């Protein structure tokens, strides 16, 4: 009936899945190494930690950008759907003015009866 383009479920699940498991595993490994690290290996662990922080920052930015893109797509699809529904309603009312008037009158009568009982 409608020819709208909605985001695919695969795209939505891709964005909602945060790549946290590899990051958590790497953090756990670094914490284990920090407990037993010698002064000689401290710069190496610091470099790995800095690289991990950079990766987390980039992943977070990519995640936010993906969510933002999905939000724009969904908002655009909703806007198109509302515009299409508005145009279809206007066309129906123009083509069937008496039927539209009867529907509005019926809704007003039912509303008046329901609110009048209270």
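The values are calculated or read from the model by the stated rules, or taken from the named source; none is laboratory data. This is a predicted model, so every value here is computed, not measured. Backbone-built Cβ (ideal geometry, glycine too); neighbour counts: all protein chains shown.
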Residue count for region 57-95, restricted to those that are in contact with a helix residue (DSSP H, G or I) (Cβ under 6 Å, 6 or more places away or on another chain) and under 30 Å from residue 34 (Cα atoms): 0
Identify, please: which residue in region 32-49 is assigned to a helix (DSSP H, G or I) and either on the phi > 0 side of the Ramachandran plot or surrounded by 11 or more Cβ atoms within 10 Å (Cβ to Cβ) (or both) and is, among those, nearest to the chain's Cα centre (by Cα)? 49
Suppose we filter 4, 24 for residues that are loosely packed, with under 11 Cβ neighbours inside 10 Å and at pLDDT below 75; which single one remains? 24
Name the residues in region 50-78 that are farther than 30 Å from residue 26 by Cβ and surrounded by 11 or more Cβ atoms within 10 Å (Cβ to Cβ), would you? 73, 74, 76, 77, 78
Residue pairs meeting the criteria (Cβ under 9 Å; at least 6 apart or on separate chains; first without any contact (Cβ under 8 Å) to a residue 24 or more places away in the chain and at positive phi, in region 56-79; second part of a helix (DSSP H, G or I) and surrounded by 13 or more Cβ atoms within 10 Å (Cβ to Cβ)): none
